[in-house]
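First the structure, in the form of structure tokens, and then the observations on it.
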Amino acid sequence: MSLGEPLGAKAGAAAGTAGDLALDSNSHSPDEGLIEDFAIVDEKAVEQLTEGLISHYLPDLQRSKLALRELTQNQEVLLETLQQEISKFKECSSVLDINMLFSEAKYYHNKLVNVRKEMMMLHDKTSKLKKRALRLQQKRQKEELEREQQREKELEREKQLTAKPARRT
């Protein structure tokens, strides 16, 4: 038996030609001849065909196995690298969050400093206003005292200027 010869060539010749099978398709099913063909095939031929098939495909399969192993290793390296990149990204994200917190803290610190300056300015203004009010009050009191003294002097002068009856002595 040669490699070019179909497995069921002997059985096909015994059962009839392919034309006969096509014409008489109702009487025989296509699977009926297969069981008979397997019985006729030599075990040694099956072993040789198996070895030939294995020897033909085994090198390609081994190369494919090595390529798959290499791809799997590369995939593991890529996954590890990806995990490292994700951790770096999370770290950068947390740094950005921290920077945002610092920016917010700086903003509120500046706001607090401005409020403190404004409070100091208001304190200075109120102190100046209190001093001014005190001076004005003192000035008014002084003016009132001077007016009062002036009035008393005028009254005294009027008393003196008023004619007094002469005393007889």
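Give me the pairs, please: first residue somewhere in the stretch 79-93 and at negative phi and in contact (Cβ under 8 Å) with a residue 12 or more places away in the chain, second residue anywhere and among the aliphatic types (A, V, I, L, M) and in a helix (DSSP H, G or I), beta-carbon distance under 7 Å, and either six or more positions apart or on two chains.
Close Cβ pairs (under 7 Å, with a partner that is among the aliphatic types (A, V, I, L, M) and in a helix (DSSP H, G or I)) do not exist here.
Considering each residue of the stretch 112-169, count those that are among the small types (Gly, Ala, Ser) and in a helix (DSSP H, G or I), and give that number.
2
Any idea which residue in the stretch 21-55 is modelled with the lowest pLDDT, counting only those that are assigned to a helix (DSSP H, G or I) and loosely packed, with under 10 Cβ neighbours inside 10 Å? Walk me through it before giving the result.
Residues of the stretch 21-55 that are assigned to a helix (DSSP H, G or I), as a first pass: 21-23, 32-40, 43-55.
From what is left, the residues that are loosely packed, with under 10 Cβ neighbours inside 10 Å are 22, 35, 39, 43-44, 55.
Numbers: Ala22: 44, Ile35: 57, Ala39: 58, Glu43: 88, Lys44: 89, Ser55: 93.
Here the residue is Ala22.
The values are calculated or read from the model by the stated rules, or taken from the named source; none is laboratory data. Computed from a prediction, not measured in an experiment: that's the story for all the values here. Note that we place each Cβ from the backbone using ideal geometry, even for glycine, and neighbour counts take in every protein chain shown.
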